[in-house]
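Encoded as structure tokens, the structure appears first; notes follow it.
Quick note: the coordinates plus some simple rules give every number you see, no bench work behind them. As the structure is a computational prediction, the values presented were derived from the model and not from experiment. Ideal geometry is used to build each Cβ from the backbone, glycine not excepted, and the neighbour counts take in all protein chains shown.
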């Protein structure tokens, strides 16, 4: 009996390590980031990933890190670091619905003085048009739509 329990535990650990499970955790945890400590831990989840969607979540979290930093120059540095990665990812993957969604979220919530809002309408329209035909899990599509509706108040 103990052997079966250990095998079951090892199997469940292996399942949690799959790229799909990792992406699901990254998606879920993204909305829970409320401190610099949480963001630092979150960034560890995506370390070393070559998945552009994971990289986009990490870029978004990096931009959000500025919110929890006291020094203005560090706030701008974090924001610009994440923005540069995000824009590079969009350039490489312009048809990726989830990456465009993340840029939309950032641009919709970024302070206007940063001037990072020129693509938010275009990104929102792109996501709304292409979300249903994407390979994003249906449950997460609902999360995305709810976030967009909250922001646009539609």
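Over what distance in Å are the Cα centres of segment 77-133 and segment 26-55 separated?
17
How far, in degrees from 0 to 90, does helix 36-46 lean away from the longest principal axis of the Cα atoms of the chain, to the nearest 10?
Compared with the principal axis, the helix lies near 60 degrees.
Report the label-to-label distance for residue 49 and residue 34 in nanometres (one decimal), using points 7 Å from each Cα along the Cα→Cβ vector.
Rounded to a tenth, the inter-label distance reads 2.2 nm.
For the chain, what does the helix formula give at 222 nm: sum of -39500 (n - 2.57) over DSSP H segments with n ≥ 4, over the residue count, nearest 500 deg cm²/dmol?
So the helix-based figure for the chain works out to -23500 deg cm²/dmol.
Mind pulling the angle between the C-alpha long axis of helix 138-152 and the longest principal axis of the chain? Nearest 10 degrees, somewhere in 0 to 90.
Value to nearest ten degrees: 20.
Relative contact order for segment 19-152: what is it in percent, counting Cα pairs under 8 Å that are at least 6 residues apart?
Result for segment 19-152 is 16 percent.
Tell me the angle of helix 52-65 to the major Cα principal axis of the chain, expressed in degrees between 0 and 90 and rounded to the nearest ten.
Result, in degrees: 60.
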